[in-house]
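Working notes for the structure below.
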Amino acid sequence: MKLLVVEDEAKTREYLRKGLTEAGFVVDTAANGLDGRHLAMTEHFDLIVMDIMLPDLDGWRLLASLREAGNATPVLFLTARDSVSDRVQGLESGADDYLVKPFAFSELLARVRNILRRGLAPLSGNQLSVGDLTLDISRRSARRGDADIQLTTKEFTLLELFVRRQGEVLPRSLIASQVWDMNFDSDTNVIDVAVRRLRMKVDDGHDIKLIQTVRGMGYRLDVRNELH
């Protein structure tokens, strides 16, 4: 999943970039609010981690600008200001969480992952939704818009994996181990055939294609209508 870090202090910015990259995320950075806004509005990010005290455009105004433009990307505020009023202002302004400096990286990572888990937009305890696709976990059923999708057991398991890891590129080896409980053999095309069949059921007849091929890497499910 892709994160944007907006932090003007170079050492902190690099510390966050390195730590989050080692934790498995793709990380872009910006050193001021204007650059952060440009990146947030022109690229897709699953989460923005931003300092409040930024040059050019502070975190409060940056977040307000994004929300006014219809950008709903989750935001985690970082700040040295730890008063209750500041924390309340951060959350009421549309931020998803608020972490006071100095902080342990393990706490930051836990908060990042917690926010990203919320991004699956659960409709209830047994449902997951991405765009107009909805999975009912207890009934093992799927719908896209108003239409039911008839899936085999393995197809539902594969689709559930994609939905739970929305936006992540899933290599064939991971799909094989998670869905078929087997090691991936590069000489077999079982994964490609299964994904192709699932894509026909999920995407045929829809302008936005959710299941995407990332050449040389694997597959992902994303609401962005773009292929690689």
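The values are calculated or read from the model by the stated rules, or taken from the named source; none is laboratory data. All values derive from a computational prediction rather than experimental measurement. Backbone-built Cβ (ideal geometry, glycine too); neighbour counts: all protein chains shown. Surface areas here come from the heavy atoms of the whole protein model, side chains and all, with no ligands, DNA or RNA. Shrake-Rupley method; radii C 1.70, N 1.55, O 1.52, S 1.80 Å.
For region 203-217, residues that are part of a loop (DSSP other than H, G, I, E, B) and either in contact with a Leu (Cβ under 7 Å, 6 or more places away or on another chain) or touching a residue at least 12 places away in the same chain (Cβ under 8 Å) (or both) total 7.
Exactly one of these conditions fails for M182: (1) exposed (fewer than 13 other Cβ atoms within 10 Å of the Cβ); (2) at pLDDT 85 or above; (3) assigned to a loop (DSSP other than H, G, I, E, B). Give me its number. (2) is the only condition that M182 fails.
Do we have A64 as of a type outside the set (S, T, N, Q), open to solvent by 20 Å² or more (accessible area, probe 1.4 Å) and in a loop (DSSP other than H, G, I, E, B) here? For A64, the condition - of a type outside the set (S, T, N, Q), open to solvent by 20 Å² or more (accessible area, probe 1.4 Å) and in a loop (DSSP other than H, G, I, E, B) - is not met.
N114 meets the stated requirement of being of a type in the set (S, T, N, Q), at pLDDT below 85 and within 14 Å of the chain's Cα centre (by Cα). The residues in region 67-80 that are under 15 Å from L109 (Cα atoms) and open to solvent by 10 Å² or more (accessible area, probe 1.4 Å) can be counted, and the count is 1.
Here V49 fulfils each of the conditions (1) β-branched (V, I, T); (2) open to solvent by less than 60 Å² (accessible area, probe 1.4 Å); (3) without any contact (Cβ under 8 Å) to a residue 60 or more places away in the chain apart from (3).
Look at (1) modelled with pLDDT under 90; (2) outside any strand (DSSP E or B) and you find that L108 fails only one, number (1).
Once region 1-32 is narrowed to residues that are among the hydrophobic types (A, V, I, L, M, F, W, C) and open to solvent by 30 Å² or more (accessible area, probe 1.4 Å), the residue that is farthest from the chain's Cα centre (by Cα) is A10. Of all residues in region 33-44, those satisfying the criterion of being open to solvent by less than 10 Å² (accessible area, probe 1.4 Å) and within 26 Å of Q166 (Cα to Cα) are G36, A40.
For region 142-166, the set of residues classified as open to solvent by 50 Å² or more (accessible area, probe 1.4 Å), without any contact (Cβ under 8 Å) to a residue 24 or more places away in the chain and not in a loop (DSSP other than H, G, I, E, B) consists of R143, A147, D148, T153, listed by residue number.
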